[in-house]
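Here is the structure we will look at, set down as structure tokens.
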Amino acid sequence: EEELKKGLDELGAIEMNGYWRIIEHEYKTSAVSRILSLLEEMSWSWETVPLIESCHTLADLQPRFVTELCLRLYGNQVSETEEEVYIKLCEDKICRFYGQYILSSSAGKFNLSEFLDVWQDSLPDGMTVNLAHLRGLALVNKSTKPHTISYLAVTDLPVQPASRFAYLFSRQEKWAHDDVIPYLEDLIGPGQTVNALLLKHCRSSTDPKTKQKVYNSKSRS
């Protein structure tokens, strides 16, 4: 049951009226964008979003159940009156949503500093970006000048370990331990560890500049 719940969470599913509902990713992106635009237009705080009024206002653009699903998926109910239900948006989820939206809009690399500025400007007032929000979604390269960031979603990677490592090393020759972990955790089964997986598929060395342990492909010298 716990594994099923985890899988549904990863799919972005939410239970409503006794049914689990999932919205296709691109449609969900459009729906959430409309909700966030409505917040700005109405000068509503992201900490007290009126659910019923939001559903009514956006009814000509998207079904009411879609607006409610997205608000509950990206927030939590904080209060309720006879006329209204209020949702507080989750800062981590909204930051991740916008970060993924911006990164996935291009197949290329972004200047990291410029990306952080655009990302921050896209958020409701009071929210603050953090690269931790993009865990398993973004590849940050600080070995270049300027530093860069590009889209790399763990959900798009091969499911076989050997193929996964081959793809990761095709994107970046050397990986620091903390950077590669988000792209391996879903491969770990009962009784297995990430370190064992790294030992099997990688060589390790110490980066002379950072003094950190890094991993590279065993197929390369």
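Throughout, read-outs are computed from the coordinates displayed, never taken from laboratory work. Please read all numbers here as calculations on a predicted model, not as lab measurements. Cβ: placed from backbone, ideal geometry, glycine included. Neighbour counts: every protein chain shown.
Descriptive notes on the structure:
- Signed unit charges on C-beta, dipole axis of the chain, positive-most listed residue Ser219, Gln172, Ile23: Ser219
- Along principal axes, Cα extents of region 43-162, largest first, whole Å: 56, 34, 26
- Computed over the chain, relative contact order equals 12 percent, with contacts defined as Cα pairs under 8 Å that lie 6+ residues apart.
- Remark: the chain carries a charge dipole of roughly 1920 debye about the Cα centre, counting +1 on each Lys and Arg Cβ and -1 on each Asp and Glu Cβ.
- Cβ-defined net charge surrounding Leu69, 9 Å radius [Lys, Arg +1; Asp, Glu -1]: +2
- Counted over region 123-189 with a bin width of 5 Å, the fraction of Cα pairs per bin, in whole percents, is 3, 14, 26, 24, 15, 9, 5, 3, 1.
- In degrees, nearest ten, helix 91-103 long axis to first principal axis of the chain (Cα): 60 degrees
- Tensor-based shape of region 56-119 (alpha-carbon gyration tensor, a/c under 1.5 rounded, otherwise prolate or oblate): prolate
- Net charge of Cβ neighbours under 11 Å - reference Thr57; Lys, Arg +1; Asp, Glu -1: -1
- The long axis of helix 112-121 is offset from the longest Cα principal axis of the chain by roughly 10 degrees.
- In Å, descending, principal axis extents of the Cα set of the chain: 67, 43, 26
- Alpha-carbon Debye profile of region 142-221, log10 I(q)/I(0) at 0.16, 0.25 Å⁻¹: -0.62, -1.42
- Net dipole in debye of region 90-149 [+1 Lys, Arg Cβ; -1 Asp, Glu Cβ; about Cα centre; nearest 20]: 360 debye
- For the pair region 47-88 / region 188-221, the C-alpha centres are spaced 46 Å from each other.
- Residues of type lysines that Lys218 reaches as a straight line, Cα spacing below 25 Å, ignoring anything fewer than 8 places off in the same chain: Lys142, Lys174, Lys200, Lys209
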